[in-house]
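J.: Just dropping this structure here.
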Amino acid sequence: MAVIRNEEAEWFEMEPGIDVKVLSHETVGATALHSGMATFGPGAGLACHTHDCEESVTILAGEAYLDVDGRRTLLTPLDTSVVQADVPHRYSNASSESPMKMFWVYASADAARTIVDAELCAIGGE
């Protein structure tokens, strides 16, 4: 068993305007999941990417866009998304004024993130 104290986990900048805090991972003994939180500054968004496992994201504060399969979906607090392995997607803060915070879980203790061509996340002809 492991207990990860919030105050002991460190934030780091993953991409400009996006800070991440890893909570569970193989380094704390997790064998089948990897979880954490991310805070997106106003207007910040991830690059189009895939994972080698399933991902679940719950919006904690603010609003987010999820771009996948040529569609954009607005997520509001406590909405949860599930994206299957190898599906190109991206999350972005829907607000240009306020931060957005999410909790994420990968179905693997050592999940990989692969940046892919932005066109794979394009929304209906963008």
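J.: With the condition kept exactly as written, say whether any residue in the stretch 17-31 is at pLDDT 95 or above and open to solvent by 40 Å² or more (accessible area, probe 1.4 Å).
T.: yes
J.: Okay, moving on. Checking Ala85 against (1) open to solvent by 30 Å² or more (accessible area, probe 1.4 Å); (2) over 20 Å from His51 (Cα atoms), which single condition isn't satisfied?
T.: Failed condition: (2).
J.: Whether any residue in the stretch 57-67 is more than 23 Å from Cys121 (Cβ to Cβ) and touching a Pro at 6+ places or on another chain (Cβ under 8 Å) is what I want to check.
T.: The answer is yes; a qualifying residue exists.
J.: Can you tell me which of (1) in contact with a Phe, Trp or Tyr (Cβ under 8 Å, 6 or more places away or on another chain); (2) within 17 Å of Arg113 (Cβ to Cβ); (3) open to solvent by 40 Å² or more (accessible area, probe 1.4 Å) is the one Asp52 doesn't meet?
T.: Among (1) in contact with a Phe, Trp or Tyr (Cβ under 8 Å, 6 or more places away or on another chain); (2) within 17 Å of Arg113 (Cβ to Cβ); (3) open to solvent by 40 Å² or more (accessible area, probe 1.4 Å), the lone unmet condition for Asp52 is (1).
J.: Moving on to the next point. Return yes when Ala64 is within 23 Å of Phe12 (Cβ to Cβ) and either open to solvent by less than 50 Å² (accessible area, probe 1.4 Å) or modelled with pLDDT under 95 (or both) and no when it is not.
T.: Considered against the rule, which asks whether it is within 23 Å of Phe12 (Cβ to Cβ) and either open to solvent by less than 50 Å² (accessible area, probe 1.4 Å) or modelled with pLDDT under 95 (or both), Ala64 comes out as yes.
J.: Right, another one. If you scan the stretch 3-16, which residues turn out to be surrounded by 10 or more Cβ atoms within 10 Å (Cβ to Cβ) and over 18 Å from the mean Cα position of the chain (by Cα)?
T.: Result: Ile4, single match.
J.: Against the condition loosely packed, with under 14 Cβ neighbours inside 10 Å and touching a residue at least 40 places away in the same chain (Cβ under 8 Å), how does Asp117 come out, does it pass?
T.: Yes; evaluated as a whole, the condition is true for this residue.
The values are calculated or read from the model by the stated rules, or taken from the named source; none is laboratory data. Owing to the predicted nature of the structure, the values given are computational and were not obtained by experimental measurement. For neighbour counting, all protein chains shown are included, and Cβ atoms are generated from backbone atoms with ideal geometry for every residue, glycine included. Keep in mind that these areas ignore ligands, DNA and RNA; they rest on the heavy atoms of the full protein, side chains included. Shrake-Rupley method; radii C 1.70, N 1.55, O 1.52, S 1.80 Å.
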